[in-house]
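Below is one structure, written out as structure tokens, with a few remarks after it.
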Amino acid sequence: MNEPVRRDLVVIGAGPGGYVAALRAAQKGLMVTLVERRFVGGTCLNVGCIPTKALVRSAEVYREVRNAAQYGILADKVGIDFARIRERKDQVVKTLVGGIGFLLEKAGVETLAGTASFSGPHAVDVATSEGLIRLEADDIIVATGAKTRVLPIPGFDLPCVLDSEGLLALDTLPRSLAIVGGGIIGMEFAFAFAQLGVKVDVLEALPEILPMIDREAVTRLLRFAKQLKITIETDVAIERVDAAETGAVIRYAKQDAVKALEADVVLSAVGRVPELSGLHPEKAGLALAPNKGIAVDAKMRTNVRGIHAIGDVTNLVQLAHAASRQAIVAVDDILGGAAEMDYRFIPNVLYTSPTIAWVGMTETELTRAGIAFRTTRSPFGANGRALIQNQPLGFVKLIRDEHAGRLVGATVLGEGADELIATITVALQNGLSAEALEATVFAHPTVSETIHEAAAGILGEAIHYSE
């Protein structure tokens with residue numbers, strides 16, 4: 001190993017947290033080395049968020065074309081070219097990865113391909129194709145992300161049992177798909193593949209799917225799942241997976257019965273855990289939190305001076321946009337700033353059909369906390385633009401803390417929910433009242449008018465609907 005290389009900042013991991021941290025630090029004049037062992041953009045960009053949503057979009061287009069007659073458009077012989085779907089997905093990823101690479105190079109960030117491991121609190125050894133390189137820095141940001149959780153179940157190592165990355169890499173569309181896990185990842189794939197004509201079964205260990213989401217929204221989503229013939233079983237315990245001639249047989253217990261489910265492909269969607277393999281955090285003296293992630297404070301500081309951790313490796317909020325914000329906070333702290341993380345109003349999106357987006361607290365959480373609240377629900381069925389788009393079953397729900405008199409949560413169900421939630425998030429994050437939202441003029445005809453109506457509704461002054 002040659003002489004150590006000195007840098008102002010070393011960032012380990014080039015996902016949505018790591019590359020944002022590297023770019024921000026470089027903008028501020030720091031000499032930065034970004035270490036990535038696999039691919040710039042991390043899981044989200046390469047094998048997670050972006051390719052998944054590209055697949056979702058293809059499924060949505062297929063559904064829309066098949067239903068085009070209701071708009072007066074006749075489309076015959078509609079089919080699926082799964083190879084083209086995958087090709088488009090890969091091209092989107094390639095374009096975005098190339099863009100990030102360009103930005104890093106332009107900013108003067110040194111990108112090092114290799115596996116990083118701590119050799120001390122301010123030293124990182126990077127195993128590259130050309131040998132071992134030691135990096136030394138007063139400041140280090142750990143952004144190694146997360147990896148798929150592996151269940152210790154017999155047969156889960158069979159070739160037909162895939163994680164989300166493996167499912168996205170399929171060359172052909174399976175006839176049937178069994179999904180173990182009814183969370184965000186599992187349900188997004190369930191809807192996408194079902195819309196493409198695949199027989200989909202979901203097996204969930206908990207009593208209900210998507211427990212973190214507004215229950216009314218989930219109930220409505222289940223109706224759409226039924227229309228797509230997605231079968232969902234909850235309260236199950238997977239016992240084993242056996243190889244079969246056409247794929248696999250999942251054997252699981254439900255109540256007192258043992259059942260069997262055949263499928264061409266099995267997706268393991270049971271969550272993700274912090275990626276610490278090979279990093280040797282103990283050599284830097286890093287402490288882990290009870291959630292098994294690297295322990296951090298509101299400034300993303302670890303227990304070791306000069307080391308910050310961001311993103312999924314902290315296991316606080318496994319969202320790309322949260323990781324990016326944590327990156328900004330961490331770099332700000334390194335430069336002596338006062339920014340801190342505020343986790344109260346980080347928006348979430350479930351890309352099913354319809355989409356569900358939410359921010360802040362739900363009615364269930366407020367009830368458990370004993371907080372008095374008022375809720376209003378503005379239906380898409382009363383909105384002209386939503387009817388034009390054939391989305392009458394969606395809604396915007398706002399929740400106000402009655403004691404504090406402020407908005408504390410919201411859920412949006414329907415097409416465009418992922419965009420509508422941004423306006424509500426701005427309002428909640430900045431403490432805007434329902435009165436302020438109601439006093440804001442929204443363009444017509446837009447689905448965003450449902451936000452205005454919901455704000456009026458929570459004041460008891462809705463014009464276009466009544467509860």
Checklist entry - Name the residues in the range 397-454 that are in a loop (DSSP other than H, G, I, E, B), among the hydrophobic types (A, V, I, L, M, F, W, C) and more than 30 Å from E64 (Cβ to Cβ), would you? => result A404, L432, A439, V441
Checklist entry - Quick one: D332 ticks every box in (1) assigned to a helix (DSSP H, G or I); (2) within 23 Å of the chain's Cα centre (by Cα); (3) closer than 18 Å to V10 by Cβ bar one, so which box is it? => result (2)
Checklist entry - Taking the range 148-167, which residues are at pLDDT 95 or above and touching a Lys or Arg at 6+ places or on another chain (Cβ under 8 Å)? => result I153, P154, G155
Item to check | Entirely in the range 1-90, the helices (runs of 4 or more DSSP H) that have 2 or more residues that are more than 30 Å from S353 (Cβ to Cβ), among the hydroxyl-bearing types (S, T, Y) and not assigned by TED's automatic domain parsing to the domain that holds T111 | outcome: none
Checklist entry - Do you know which of the residues in the range 86-126 that are in contact with a strand residue (DSSP E or B) (Cβ under 9 Å, 6 or more places away or on another chain) and of a type in the set (D, E) is surrounded by the most Cβ atoms within 10 Å (Cβ to Cβ)? => result D125
Checklist entry - Across the range 127-170, which residue is surrounded by the fewest Cβ atoms within 10 Å (Cβ to Cβ) among those that are in a loop (DSSP other than H, G, I, E, B) and in contact with a helix residue (DSSP H, G or I) (Cβ under 7 Å, 6 or more places away or on another chain)? => result G145
Item to check | Considering residues of the range 25-45 that are of a type outside the set (A, V, I, L, M, F, W, C) and surrounded by 22 or more Cβ atoms within 10 Å (Cβ to Cβ) only, the residue nearest to Q91 (Cα to Cα) | outcome: G41
Item to check | strands (runs of 3 or more DSSP E) enclosed by the range 232-309 - at least 1 residues per element that are within 20 Å of A323 (Cα to Cα) | outcome: 272-274, 307-309
Item to check | Filter result (touching a residue at least 12 places away in the same chain (Cβ under 8 Å), touching a helix residue (DSSP H, G or I) at 6+ places or on another chain (Cβ under 6 Å) and farther than 27 Å from M341 by Cα) within the range 417-447 | outcome: E438, P445, T446, V447
Checklist outcome for this item: Checked E340, E262 against criteria (touching a strand residue (DSSP E or B) at 6+ places or on another chain (Cβ under 6 Å) and surrounded by fewer than 17 Cβ atoms within 10 Å (Cβ to Cβ)); the one match is E262
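The values are calculated or read from the model by the stated rules, or taken from the named source; none is laboratory data. Remember, it's a predicted structure, so these values are computed and weren't measured experimentally. All Cβ positions, even for glycine, are placed from backbone atoms using ideal geometry, and neighbour counts span all protein chains on display.
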